[in-house]
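Notes follow once the structure below has been shown.
The values are calculated or read from the model by the stated rules, or taken from the named source; none is laboratory data. None of these values were measured; they are calculated from a predicted model. Here Cβ is always computed from backbone atoms with ideal geometry, including for glycine, and neighbour counts include all displayed protein chains. Ligands, DNA and RNA are stripped out before the accessible areas are found, and what is left, the full protein with its side chains, is counted by its heavy atoms. Shrake-Rupley method; radii C 1.70, N 1.55, O 1.52, S 1.80 Å.
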Amino acid sequence: MKDFLLKDIPIKKVKKLDAEKSLDYCLDQIQRIKTDQELMVTADTAAENYYKSGKLGNEVKGRSQIVTSDVHDAVEGAIPLLMKVFAGTDEPVKIKPQEGTDQANADLMMALVNHQLRVRNNWFLTCYDGFHDALLLRRSVIKYAWENKTEEYVEIHKGLTRQEMSALGAQPNVKEIAIIASTETAAIPEVGEEENRTYDVEVTSTSETEGPTVRTIALEEIGFSRTASSFENISFMYHRVALEKWEFKKLYPDADAEELESAGSSSESLIDTIKQERFADLGGTSFFWNDKEQKFIVHECYYTDPDTGTPLMNALCGNTVLELTRNKYDVPPFVILNAYKRPHRVIGMSIYDKAKHNQRNRSMLLRGLMDYINFSNSGRNLVDEKRVNMDDYLNCNYPAAAIRVVGDQTTAITPLPTTPIQPWTFTLLEFLTAAGENKLGITRMSSGVQGASTNKTKGGLLALMAAGGQKLELITRVLAETGIAPLIMAMVKMNLKFMSKPAQIRVLGKPMTINPDNIAGEYDVIVNVGVGTGDNDERIVQAQQLLAIFKQVFEAKIPVVTAENLYHALKNLLLAMDKKDYEMYITEPKTVETLAQIAAMMPQVLPVIAQIDPVMAQQMQQFMASMGMMAKGAPGAQPGGIQQSPREVRPPEQPAQPAVSSMPMPQGPGMRGQ
């Protein structure tokens with residue numbers, strides 16, 4: 001046999017990453033993105049102002065400055081439905097196995113991902129923040145990462161002997177044992193002085209956990225090109241992270257934290273002026289140091305090497321490369337959610353874009369109405385200043401105040417007529433309100449507030465709400481396709497790539513252990529919500545209609561429906577009713593058939609068991625009878641228990657058929673009457 005030598009293996013030399021070249025590339029890309037980032041921040045600031053019903057900039061002193069809340073009401077009206085769909089159900093998206101992967105593996109992966117989102121992470125707040133940003137600010141960004149965490153915790157143990165301390169120290173997770181007190185016990189002649197003592201100890205242990213983390217990122221901390229056509233076409237993306245001093249030193253122990261802090265601290269020296277100028281195009285020394293909060297600013301840059309196509313991650317602070325490695329996720333670990341998708345653009349539109357003009361118009365109209373009411377209640381007057389004491393007139397505006405007048409008061413102070421409000425003003429106000437609702441699809445009725453409608457019947461109102469809900473369903477589907485489904489797929493890939501130890505989860509209150517081998521396979525992520533899927537009420541109605549058709553088929557004795565078909569129809573109905581524990585209500589036909597086979601064997605088996613253990617045989621017989629699977633008078637049964645002798649045991653010539661408790665089933669191919 002030929003010796004296997006290392007020289008026989010073709011070795012590919014890995015090109016060493018050039019930190020200086022990577023630094024120059026990242027700083028150049030950050031500078032390019034800076035203009036886009038400033039434009040997006042300006043638009044976000046305006047959107048936040050409209051959301052808070054801030055001033056419009058055309059206010060007049062002494063006149064009404066009311067601002068309507070169209071943008072706020074639309075955002076807050078849409079979020080409850082989105083939260084109900086994505087945070088109130090277990091399966092807004094479904095993990096499906098590809099060819100060659102078992103469905104059982106996909107079900108375990110789905111259970112694991114649900115556990116990681118809802119237990120390990122705060123899925124509710126992640127969804128709320130993400131949907132709020134997407135609706136108001138055109139996009140939201142969720143970052144995912146695989147985290148291996150080692151935590152230390154301290155426990156106090158009292159009254160331990162030397163042997164018990166040794167046994168405790170032998171545990172693999174115990175890092176350190178410190179004696180804090182010792183107590184001398186009653187002396188035992190057979191043992192030494194050390195064995196006559198007990199100890200109070202402080203035990204430091206470690207706990208290792210692994211799993212994905214998911215959180216919504218503030219948009220001002222994320223940078224990427226706003227002209228990208230899709231997320232896949234983003235070649236460079238950075239995350240601006242502010243770290244406390246201790247966090248910075250823990251994550252990057254090799255970095256010179258003191259030097260970076262000194263360089264970033266404000267000063268008037270010539271050297272610091274040069275440093276400020278060096279990063280002037282990136283924001284000065286605030287690019288890497290927040291002097292006010294005393295925090296380091298680290299830019300995590302994710303990009304594809306323009307020369308080799310290798311996905312890289314470069315963490316830099318100022319002009320210092322802290323970490324340069326291959327991006328273990330292969331793509332930037334983010335997903336970008338849109339509420340209103342724009343074709344060929346990674347950034348969509350927002351409620352602010354659609355409602356800002358309507359909010360401005362309605363605000364101006366309401367201001368006019370408020371001014372009219374004010375003028376009607378406190379109108380203007382024509383005053384003869386020669387006959388009226390102007391100090392009394394201007395400053396004595398309170399009940400029982402006297403105004404000194406010379407001569408006839410009716411001619412000294414004359415009210416200025418107020419122009420009556422036009423009746424079409426309120427029609428215009430309602431028209432603008434309805435126009436805004438039609439544009440957004442978020443109506444007063446869908447938000448739980450009765451709006452003006454010519455149709456007051458229940459069916460008519462439901463139809464109007466359903467029509468308005470179509471746009472909300474489209475928003476739901478777009479959010480799922482652009483962000484939620486890619487996030488679930490990213491979590492699936494991380495579990496397959498990084499999971500190294502069993503995970504302990506709970507499903508329907510029952511503990512379950514999932515090993516990495518249990519979830520091996522290839523999967524697809526399918527969206528179950530939004531346009532084209534139907535809501536639960538619609539699925540329930542369809543399932544009931546299908547069962548009604550099955551009944552007609554049974555009555556006509558047409559052999560086209562099997563027990564398996566009926567089982568799946570009932571299962572889908574229960575799932576639409578949100579009964580995840582459907583096994584408590586129906587039993588799979590294969591299980592029923594297995595039980596029937598066991599029941600058929602009981603008449604032959606029970607007499608044999610009775611010879612060995614009569615009590616067990618009696619208990620089995622009673623259990624089978626209680627389940628309706630065996631009559632109490634079946635062969636081998638005795639009123640007082642099975643007491644037959646071995647000679648009297650005779651297997652029956654024709655065993656009794658079991659009486660399995662189940663609903664009547666139609667006769668047909670593949671369907672036996674049970």
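Data overview
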{"item": "Every residue from segment 61-84 that is closer than 18 Å to residue 337 by Cα and not hydrophobic (A, V, I, L, M, F, W, C)", "result": "76, 80, 84"}
{"item": "Residue match in segment 371-384 (condition: exposed (fewer than 10 other Cβ atoms within 10 Å of the Cβ), at pLDDT 85 or above and either in contact with a Cys (Cβ under 9 Å, 6 or more places away or on another chain) or not acidic (Asp, Glu) (or both))", "result": "no"}
{"item": "Selection within segment 79-102 - open to solvent by less than 40 Å² (accessible area, probe 1.4 Å) and aliphatic (A, V, I, L, M)", "result": "79, 82, 83, 85, 87, 93, 95"}
{"item": "Residue among 148, 105 that is touching a helix residue (DSSP H, G or I) at 6+ places or on another chain (Cβ under 9 Å) and exposed (fewer than 11 other Cβ atoms within 10 Å of the Cβ)", "result": "148"}
{"item": "Residue check for residue 521: open to solvent by less than 70 Å² (accessible area, probe 1.4 Å), over 27 Å from residue 88 (Cα atoms) and not aliphatic (A, V, I, L, M)", "result": "yes"}
{"item": "In segment 92-115, the residues that are farther than 22 Å from residue 470 by Cβ, not in a helix (DSSP H, G or I) and not polar (S, T, N, Q)", "result": "94, 95, 96, 97, 99, 100, 102"}
{"item": "Sole residue being out of contact with any Ser or Thr (no Cβ under 6 Å at 6 or more places or on another chain), assigned to a loop (DSSP other than H, G, I, E, B) and of a type in the set (Lys, Arg), chosen from 342, 360", "result": "342"}
{"item": "Residue match in segment 211-225 (condition: in contact with a strand residue (DSSP E or B) (Cβ under 7 Å, 6 or more places away or on another chain), open to solvent by 80 Å² or more (accessible area, probe 1.4 Å) and modelled with pLDDT of 90 or more)", "result": "yes"}
{"item": "Any hit, segment 482-491, residues being open to solvent by 60 Å² or more (accessible area, probe 1.4 Å) and not in a strand (DSSP E or B)", "result": "no"}
{"item": "Where a residue in segment 129-144 is within 11 Å of residue 350 (Cβ to Cβ) and its partner, wherever it lies, is acidic (Asp, Glu) and open to solvent by 10 Å² or more (accessible area, probe 1.4 Å), with Cβ under 6 Å and at least six apart", "result": "137/44; 140/133"}
